[in-house]
Amino acid sequence: MKTGDILFNKVCRIIEHILVFIFGLLVIDVLGQVFSRYILNKSFAFTEELARFSLIWLSILGAAYLSGKREHLSMDFLYQKFSTKTRKKALIFIEICILLFALVVMVIGGFNLVYTTLHLGQLSGTLRIPLGYIYAILPLSGLLIMCFSVYHLGKINANEITE
């Protein structure tokens, strides 16, 4: 197994553990809120915000993970009609588009958002967490997607990815 493959598998494994932890936190938070609201007749304000932030992190980091595993949603009707040579070009084009989107929107835009919210000192309503920390998942996931795209481009060029 090549060094790139080993690193790719380790990064995916770490992301899996983080996603499982966030999902577990989200489940415990929501169950705690339901229990406190319906059994104790008392509602805690922080649970809604914690659930919202957990869901943000879960969905954006999950999208990066799925991009790395190449299991993201795609429509391949037209792609299946291409010849083998054209498929390879299409795969390269798609990976470059993903890389550019991650760079421009997620990394550059995300860093701008994080910097702005940290600079302005914006805090979340209930938990009083700086919103820049919540938004930091955008550039982090963007960087992961970019790394995964570069990895996939190498695999496509080596004919190890054909679909």
Is there a residue in the range 105-121 that is open to solvent by 60 Å² or more (accessible area, probe 1.4 Å), without any contact (Cβ under 8 Å) to a residue 60 or more places away in the chain, in contact with a Ser or Thr (Cβ under 9 Å, 6 or more places away or on another chain) and more than 27 Å from Arg13 (Cβ to Cβ)?
no
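What residue, of Ala90, Ala102, Ala64, is open to solvent by less than 100 Å² (accessible area, probe 1.4 Å), aliphatic (A, V, I, L, M), in contact with a helix residue (DSSP H, G or I) (Cβ under 9 Å, 6 or more places away or on another chain) and at pLDDT below 95? Step through it out loud before you land on a result.
Values: Ala102 fails: at pLDDT below 95; Ala64 fails: at pLDDT below 95.
None of the other options fit; the residue is Ala90.
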Give just the number: which of (1) under 13 Å from the mean Cα position of the chain (by Cα); (2) open to solvent by less than 80 Å² (accessible area, probe 1.4 Å) does Leu55 not satisfy?
(2)
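Can you pull out the residues in the range 30-45 that are surrounded by 13 or more Cβ atoms within 10 Å (Cβ to Cβ) and either farther than 18 Å from Thr126 by Cα or out of contact with any Asp or Glu (no Cβ under 9 Å at 6 or more places or on another chain) (or both)? Before the answer, list the steps.
Step one: list which residues in the range 30-45 are surrounded by 13 or more Cβ atoms within 10 Å (Cβ to Cβ), which gives 30, 32-33, 36-37, 44.
Once the filter is applied, which keeps residues that are surrounded by 13 or more Cβ atoms within 10 Å (Cβ to Cβ) and either farther than 18 Å from Thr126 by Cα or out of contact with any Asp or Glu (no Cβ under 9 Å at 6 or more places or on another chain) (or both), the range 30-45 yields Val30, Gly32, Ser36, Arg37, Phe44.
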Is there any pair with a first residue in the range 14-30 that is touching a residue at least 40 places away in the same chain (Cβ under 8 Å) and assigned to a helix (DSSP H, G or I) and a second that is surrounded by 12 or more Cβ atoms within 10 Å (Cβ to Cβ) and of a type in the set (A, V, I, L, M) whose Cβ atoms are under 7 Å apart and which are 6 or more apart or on different chains, and what are they?
Ile15/Leu61; Ile18/Leu61; Leu19/Leu58; Leu19/Leu61
Given the residues Tyr65, Tyr79, which is the only one that is out of contact with any Lys or Arg (no Cβ under 6 Å at 6 or more places or on another chain), of a type in the set (Ser, Thr, Tyr), closer than 29 Å to Gly110 by Cβ and assigned to a helix (DSSP H, G or I)?
Tyr65
Residues of the range 122-155 that turn out to be open to solvent by less than 20 Å² (accessible area, probe 1.4 Å) and closer than 18 Å to Val11 by Cα, as a count:
8
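For Lys81, state whether it is of a type outside the set (Ser, Thr, Tyr), surrounded by fewer than 14 Cβ atoms within 10 Å (Cβ to Cβ) and touching a residue at least 24 places away in the same chain (Cβ under 8 Å). Spell out the reasoning first.
Numbers: of a type outside the set (Ser, Thr, Tyr): yes; surrounded by fewer than 14 Cβ atoms within 10 Å (Cβ to Cβ): yes; touching a residue at least 24 places away in the same chain (Cβ under 8 Å): no.
Judged against the criteria, Lys81 is not a match.
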Among the candidates Glu95, Glu71, Glu49, residue that is charged (D, E, K, R), under 20 Å from the mean Cα position of the chain (by Cα) and open to solvent by 70 Å² or more (accessible area, probe 1.4 Å)
Glu71
The range 114-128 - residue that is β-branched (Val, Ile, Thr) and at pLDDT 95 or above and, of those, nearest to the chain's Cα centre (by Cα):
Val114
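The values are calculated or read from the model by the stated rules, or taken from the named source; none is laboratory data. Given the structure is predicted, the values throughout are model-derived calculations rather than measurements. Glycine also receives a Cβ, built like all others from the backbone with ideal geometry; neighbour counts cover every protein chain displayed. Keep in mind that these areas ignore ligands, DNA and RNA; they rest on the heavy atoms of the full protein, side chains included. Shrake-Rupley method; radii C 1.70, N 1.55, O 1.52, S 1.80 Å.
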